[in-house]
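S.K.: My questions will all concern the structure given below.
Values quoted throughout were computed directly from the atomic coordinates according to the rules given, and no laboratory measurement underlies them. Predicted, not measured: the structure shown is a model, and the values here were computed from it. Note: ideal-geometry Cβ built from the backbone for every residue, glycine included; neighbour counts use all protein chains shown.
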Amino acid sequence: MAKVKSWEVTDDFWKRVEPLIPVRERPTDQTYARKAGGGRKPKDPRLVFEGIVYVLRTGCQWKALPAERYGSASAIHARFLQWEKAGFFEALWKAGLAEYDDLEGIAWRWQSIDGAMMKAPLAQSSVGPNPTDRGKKWQQASFAGGRPWRPVVARRDRRESA
């Protein structure tokens, strides 16, 4: 069996994910200039999911998605936002937890979460200044008299040697 890359979605995994994907419905209370079915066909949900997994696993930016494989990065990102709003990723997370609980068992009494979502308020005072900021011009002392240093000889005649 060939090794699968971490961002590729296998057929077995797709069978478990596909039922959770929200169905795109057209609101009936709005009027549209075009008839239903007009325009470009929507992207295949599996291709969209693979693009989302690619971004999450590789850490690349949305615009860095390989266009030759996934197509428009903005279309993938738009569908990501739609699915997130519909609760798809939370449902996927819950299904994954339930499956893992069936396979291995989760000791729910002993679970905890650790994370930081903002800067530590006292970090600057305990760590000190950033070492890469030393020698910046805005930190240097001002010049005597408020003017930059200039040589004593204001000009020299170009015909003379230095």
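S.K.: Give me Lys63, Lys3 sorted ascending by neighbouring Cβ count inside 10 Å, so fewest comes first.
M.R.: Listed from fewest to most nearby Cβ atoms, that is Lys3, Lys63.
S.K.: What list do you get for Phe80, Phe13, Phe49 if you sort them by fewest beta carbons within 10 Å?
M.R.: So the ranking, lowest neighbour count to highest, is Phe13, Phe80, Phe49.
S.K.: Whole-Hz ³J(HN,Hα) for each residue in the range 24-31, computed from phi via Karplus 6.51 cos²θ - 1.76 cosθ + 1.60 with θ = phi - 60°, x for glycine and proline: what do you get?
M.R.: 7, 10, 8, x, 8, 7, 10, 9
S.K.: Quick check: pseudo-label points 7 Å beyond the Cα along Cα→Cβ at Lys35 and Thr10, how many nm apart are they?
M.R.: It works out to 4.5 nm between the two label points.
S.K.: Could you list Lys41, Lys85 in order of exposure, starting from the residue whose Cβ has the fewest other Cβ atoms within 10 Å?
M.R.: If I rank by nearby Cβ atoms, fewest first, I get Lys41, Lys85.
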